[in-house]
1. Which one is surrounded by the fewest Cβ atoms within 10 Å (Cβ to Cβ), of the residues in the stretch A:98-140 that are part of a strand (DSSP E or B) and free of Cβ contacts under 8 Å to residues at least 40 places away in the same chain?
2. Tell me which residues, restricted to the stretch A:13-25, are more than 14 Å from every other protein chain (Cβ to nearest Cβ) and either within 10 Å of DNA strand C (Cβ to nearest atom) or exposed (fewer than 15 other Cβ atoms within 10 Å of the Cβ) (or both).
3. Being within 16 Å of DNA strand D (Cβ to nearest atom), closer than 30 Å to residue B:297 by Cα and among the aliphatic types (A, V, I, L, M) is true for just one of B:16, B:52, B:31. Which residue is that?
4. Please specify each residue of the stretch A:108-143 satisfying the condition of being at pLDDT below 95 and at positive phi.
5. Give me a count of the residues in the stretch A:141-178 that are under 15 Å from residue A:212 (Cβ atoms) and surrounded by 24 or more Cβ atoms within 10 Å (Cβ to Cβ).
6. For the stretch A:294-302, does any single residue satisfy the condition of being more than 25 Å from the chain's Cα centre (by Cα) and buried (at least 18 other Cβ atoms within 10 Å of the Cβ)?
7. Would you point out which residue out of A:212, A:259, A:174 is out of contact with any Ser or Thr (no Cβ under 8 Å at 6 or more places or on another chain), part of a helix (DSSP H, G or I) and under 23 Å from residue A:336 (Cβ atoms)?
8. Filtering the stretch B:1-12 down to residues that are out of contact with any Pro (no Cβ under 8 Å at 6 or more places or on another chain) and either more than 22 Å from residue A:115 (Cα to Cα) or touching a residue at least 40 places away in the same chain (Cβ under 8 Å) (or both), which residue is farthest from DNA strand C (Cβ to nearest atom)?
Protein chains: 2
Amino acid sequence: MAEKITSLQVAERAGVSQSAVSRVFTPGASVSKKTEDKVRKAAAELGYRPNVLARAMVSGKSRIIGLVVAYLDNYFYPEALEILSNDLQERGYHVLVFMASQTAGNIDGVVEEILDYQVDGIVTASVAMSSDLSQRCAQAKVPVVHFNRFQDGDGVSFVTSDNFQGGRELAQFLVAGEHKKIAYIAGWEGASTQRDREAGFRAGLDEFGQKLFAREVGEFDVDHARAAAHAMFNVDANDRPDAVFVANDYMAFAVMDELRFGLDLKIPDDVSVVGFDDVPPAAWRAYDLTTMRQRANLMVAETVETLMAHIENPSSAKTRKISIAAPLIVRGSARLPKNWPPVKG
Amino acid sequence: MAEKITSLQVAERAGVSQSAVSRVFTPGASVSKKTEDKVRKAAAELGYRPNVLARAMVSGKSRIIGLVVAYLDNYFYPEALEILSNDLQERGYHVLVFMASQTAGNIDGVVEEILDYQVDGIVTASVAMSSDLSQRCAQAKVPVVHFNRFQDGDGVSFVTSDNFQGGRELAQFLVAGEHKKIAYIAGWEGASTQRDREAGFRAGLDEFGQKLFAREVGEFDVDHARAAAHAMFNVDANDRPDAVFVANDYMAFAVMDELRFGLDLKIPDDVSVVGFDDVPPAAWRAYDLTTMRQRANLMVAETVETLMAHIENPSSAKTRKISIAAPLIVRGSARLPKNWPPVKG
DNA sequence: ATGAAAGCGCTAACAA
DNA sequence: TTGTTAGCGCTTTCAT
């Protein structure tokens, strides 16, 4: 009943020094073939594996990345988490998950906890942290990347979709589709994604000679979104929008349900609906939602690259502020412009 | 620019010994109020926080729980993960995520990696591991709980829904609804959830005087499920099932889409559909799926309890094999039995 | 109640 | 290439 095999026990069995064992398990260390063989043999027999924590203590590298995430009910996040975890795993890192509710104090507390684990880096998914805390991370030399959140300031990196341009394109698309009463259902107003999407949407409408016909707030929450849809559409047919951009897909599904089943409207005949994210259910036939695709794989790849750059090069790596183009995914939930798709050239 | 504050620095500033500092941060250690105050003050000024890894080394408790999960696209898992992470966080533990694909070799490798982190426990979500590996965990004294997976053998704990009884109830419900041609679309046959649900379903049909009218395999995969539905229903009306139990909700959505949009069938008029899991989209009006609810919160609670029992009491804690009743959630995707709901008494 | 001292299992100089 | 030595930051006896 072997309990806990240490490098020392392996060393004894192999008849070498303990450091020899360490070197065998340290990529790029100098060991002779002969020693290596002896050590590997002894290690295999004993079932030895290096203790990552002990290694972390002395090397200062834990190979743990802390992930702060507020909720997993918007299916964009599970998707991102899966990709992130896989990407990091390939590089020998692992994700330590910290759930944090939206309130700022809580998040700061959670980040402190993360730091206690001596993580090599932190990814915050859709949560903001105080600049105070950002500084603590900076001085602890732990790189932070904000995923799907724009964050102002010097020392902070982030990766987002180009939410502004995404909103703008949606406006263009709806105007081209000859909608005349275009509305917006907002997400939680504290979120940069919400702000940027709305700003871009408004800018686009403006650019194409329209302005917002109606606006409600859905808070990135299903119940709020449903209520917002009800308030917006349960009115005289004349006062009813003929198109609505819902700030993310997750809310858009609730809105579509309310429109179709609550108010008996036809999509897209009576009203066009567009969303943002392109989470898997958007492609399900029951919704078939026209939306902007957040390219989770690219976003994660940039997040990981940024992290690695800082980890491998703590001093010289620059903070990155990355914005990734979101392609318009045209499906059936919004009336198409005439002559769609546009012919190139 | 403070870099890394150690207990020693705090001790010096507070004018006490390093062990005094340690004791202040060790619940239940004996320190005088006076020392504690001095230490806390110094710690606060320096921004000191104990290094969890160093603590883990000496105490042997990392307060990390390893989670192995194969995929996050069945939305039951993100839900469970969120609850698990929150539950553990409240007890001072955190979740280290390991993604593993379904193949056995891979999973064993992943579990080895987990062990390297000196985790205090392991949760496997819907993946099986070799009994070989189970033994390694046992001898490393790391408790393992299989979540949503039945596992045979002595040393292993698991928590599942009562999948057999769930399948049986679904059969009963469909028979009571006067369906005469009841079919089944299976999940991945390597999964105990699949096996138990099917066995229960067949047992139920048998019990109520019917047998399976048709069967296809969906592999817990959307594309397979869609193809299975097509193969099963794209036939003469007489040969077409009038009800189908799809082994989980995730596949059921694809099946419903195929039936409605691919084959122009009405649900539940032409065919009843029931699923298993009760993931959030099952409640969305567009699907409104009758299904068995997996009570994620209860399942997670039992998982955590089992883990804690073993961690706090390594020798005496017994392995637990827990099966949680899954209630039938009746919605609109299946024709109701006459006189529904049944009157009690 | 407190300090001194001994490690937890490992890596990283430094010599040899 | 290899062994020796010195810690990483902490908890935990053991004295006092």
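1. The residue in question is A:99.
2. A:15, A:17, A:18, A:19, A:20, A:21, A:22, A:23, A:24
3. B:52
4. A:126, A:141 - these are the residues of the stretch A:108-143 that are at pLDDT below 95 and at positive phi.
5. Number satisfying all stated conditions: 4.
6. Within the stretch A:294-302 (the criterion being more than 25 Å from the chain's Cα centre (by Cα) and buried (at least 18 other Cβ atoms within 10 Å of the Cβ)), the answer is no, since none of the residues qualifies.
7. Result of the check over A:212, A:259, A:174: A:259.
8. My answer is B:2.
The values are calculated or read from the model by the stated rules, or taken from the named source; none is laboratory data. Fair warning: this is a prediction, and the values are worked out from it, not measured in the lab. All Cβ positions, glycine included, derive from the backbone under ideal geometry; neighbour counts span all protein chains shown.
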